[in-house]
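Everything on this sheet refers to the single structure shown next.
The values are calculated or read from the model by the stated rules, or taken from the named source; none is laboratory data. Since we're looking at a predicted model, the values are computed, not measured. Quick reminder, even Gly has a Cβ in these numbers, built from the backbone with ideal geometry, and neighbours come from all protein chains shown. All accessible areas refer to the heavy atoms of the entire protein, side chains included, with ligands and DNA or RNA removed. Shrake-Rupley method; radii C 1.70, N 1.55, O 1.52, S 1.80 Å.
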Amino acid sequence: MKTRLRCPAFAFACVSAAVFWSTSVPVAIAQWSDGPVIERTIDAHLDFLASDALGGRETGTRYGDITARYIAACLQASGLEPAGADGTYLQPYDLSSSRLMQEACELSAAVAVDSLAFTAGTDYALRGYGRGGFSLAAGATFVGYGRRDGEAGIDDYAGVSVEGRLVVALDGSPSGPSGTLSWRSRREAAQALGAAGLLVIIDPESRSSTRSFNYLTQMMGNQSLELWADEEPGFPFVAMTSEAARRLLGAGGVDLDTEWRVRRGGQVKPAKNLREVRVRLTAPVSSERLVAQNVAAMIRGSDPLLADEVVVMSAHMDHIGTTESGVINNGADDNASGTTTLLTVAEVLASGPAPRRSVLLLAVSGEEKGLLGSEHWVSQPTVPLERIIGNINIDMVGRNAPHVIGATPSPTHADYNTLVTRAVELAPEVGLTVEWVVGAEGVRRRVDQYYQRSDHANFARVGIPVVFFFSGEHEDYHQPTDTADKIDRGKLGRMVRFIANLVTAVANDDQRPSKIEP
Ligand SMILES: [Zn+2]
């Protein structure tokens, strides 16, 4: 035991242990928690992770890679075992980074000798192009709202074949937003009938239809990052404004205004092929394969009966990077605060006796891109999922009320469990209180609202009990002003002790974490 103790203040450590000893928290933590070591360690990690040198730690960039290697080096230096891929601390995973080349998109309709051209981002927007893009040259068929509702005896496709053709449908429904078919179900209906693509006409009288169009046009040219997967070519999906569609349908002998009027009134009319119209669509995408990293390290459990069971502590290391104009988003609270806490907890736990169960420290990337790193880890775990008994995830823990930490799932949440009750018990020991509503003035929210918004969600999705700690939003959320000077380092010190105590308690408890009926 002694060998692992660092400074000669052992006698001192025993005294303070009395203060911090809870059912299963060993002496070593007390030693760490009093000396300046924790504060110094917090300063070192936080000031580096949130520095301009890391350029905002965006996944898929060199900065993201440097961040991962820094974390791996720290965990190695703390004496933890590698628990990434192939005996390393790192778990590389592939991403596809793709961007629709909006400037090169073409949508036109040839009618006899004439041709109509439409402008991407103004007349139409696209989605579902994946990293392969899509192209189409086909005749077009107008199917009204495109409903196929056997119960109601409605089939807007009746009497025509749309095999290999572009299906043109009105957005919305006769009975207004409530009866609206989702774009997804429309796409599935058209695809099931062998159509070559789907074009939905935006309803100028519906705010939700217009809002969806505006959102698509905003997103269309953005870089998208997804986990690399072998994918089918995208099914062409076009959303077109009513003004542009009036020209397209008009060229094919269909009067759109009449169609809106009679079909909004609930009249069911037969589908119509647009006479002599041939639609051409080209939507090229530039895409590249990127490699990102998760980092994983283990403290092996000491109890032969329980060492196979693993408690996962996680935090995302990435942030949103540097803007095109060179402004760095340092992401001090989001989530350099959580990563710093994870690295310092690793140091604390490694300096004490090993708990009965094993502890996995997992720093994931890709969170800001859609929880990609944790999605990959859970789908390709470096420790079998059946050995994972619980996940303790932290994100943005360095701001707002100094002695309060938000948590979810709350007692009213379906996934409420004993990890949460254990946390509520232990928090006061280090000067923290667990609360269900957090956030700066004006952005105070129930933490349950964030249950799907950080990496624990991927663990909860596969039935693993989770607890998520979060201090709430503030004015610097996802702003370049989220800088290290604004972090409450005293609070981070409390978080380190709190999480170290909680992880150790869960790893030593006789019972595994379990759900509690809300
Ligand atoms: Zn975050």
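Please count how many residues of the range 79-115 are part of a loop (DSSP other than H, G, I, E, B) and farther than 30 Å from Arg165 by Cα.
Residues meeting the conditions: 9.
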Is it true that some residue in the range 147-167 is under 28 Å from Glu231 (Cα atoms), touching a residue at least 60 places away in the same chain (Cβ under 8 Å), part of a strand (DSSP E or B) and out of contact with any Pro (no Cβ under 9 Å at 6 or more places or on another chain)? no
Could you check the range 349-371 and list, in sequence order, the residues that are within 25 Å of the chain's Cα centre (by Cα) and open to solvent by 10 Å² or more (accessible area, probe 1.4 Å)? Glu367, Glu368, Lys369, Gly370, Leu371
Within the range 34-49, track down each residue that is over 21 Å from the mean Cα position of the chain (by Cα) and crowded, with 20+ Cβ neighbours inside 10 Å. Ile38, Thr41, Ile42, His45, Leu46
Test each condition in (1) open to solvent by 40 Å² or more (accessible area, probe 1.4 Å); (2) among the aromatic types (Phe, Trp, Tyr); (3) under 30 Å from Arg40 (Cα atoms) for Phe470 and report the one that comes out false. (1)
It is to be established whether one or more residues within the range 340-348 are open to solvent by 10 Å² or more (accessible area, probe 1.4 Å), more than 15 Å from the ligand (Cβ to nearest atom) and hydroxyl-bearing (Ser, Thr, Tyr). no
Could you say which residue among Asp257, Asp303, Asp308 is of a type in the set (D, E, K, R) and part of a helix (DSSP H, G or I)? Asp257
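I'd like the full set of residues that are within 16 Å of the ligand (Cβ to nearest atom) and either assigned to a loop (DSSP other than H, G, I, E, B) or of a type in the set (Lys, Arg) (or both), limited to the range 311-328. Spell out how you get there, then give the answer.
Applying the first criterion (within 16 Å of the ligand (Cβ to nearest atom)) to the range 311-328 yields 313-321.
Selection gives Met317, Asp318, Ile320, Gly321.
Restricting attention to the range 273-287, does a residue exist that is among the acidic types (Asp, Glu) and in the same structural domain as Val496 (by TED's automatic domain parsing)?
Step one: of the range 273-287, the residues among the acidic types (Asp, Glu) are 276.
From what is left, the residues that are in the same structural domain as Val496 (by TED's automatic domain parsing) are none.
No: zero hits.
Looking at Pro465, is it more than 15 Å from the ligand (Cβ to nearest atom), within 21 Å of the chain's Cα centre (by Cα) and either crowded, with 21+ Cβ neighbours inside 10 Å or polar (S, T, N, Q) (or both)? Talk me through it step by step, then tell me what you get.
Numbers: more than 15 Å from the ligand (Cβ to nearest atom): yes; within 21 Å of the chain's Cα centre (by Cα): yes; either crowded, with 21+ Cβ neighbours inside 10 Å or polar (S, T, N, Q) (or both): yes.
For Pro465, the condition - more than 15 Å from the ligand (Cβ to nearest atom), within 21 Å of the chain's Cα centre (by Cα) and either crowded, with 21+ Cβ neighbours inside 10 Å or polar (S, T, N, Q) (or both) - is met.
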Between Asp455, Asp482, which is within 19 Å of the chain's Cα centre (by Cα) and buried (at least 20 other Cβ atoms within 10 Å of the Cβ)? Asp455
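From the list Ser24, Ser33, Ser16, exactly one residue is hydroxyl-bearing (Ser, Thr, Tyr), touching a Pro at 6+ places or on another chain (Cβ under 9 Å) and at pLDDT below 80. Which is it?
Numbers: Ser33 fails: touching a Pro at 6+ places or on another chain (Cβ under 9 Å); Ser16 fails: touching a Pro at 6+ places or on another chain (Cβ under 9 Å).
Within the list Ser24, Ser33, Ser16, the selection yields Ser24.
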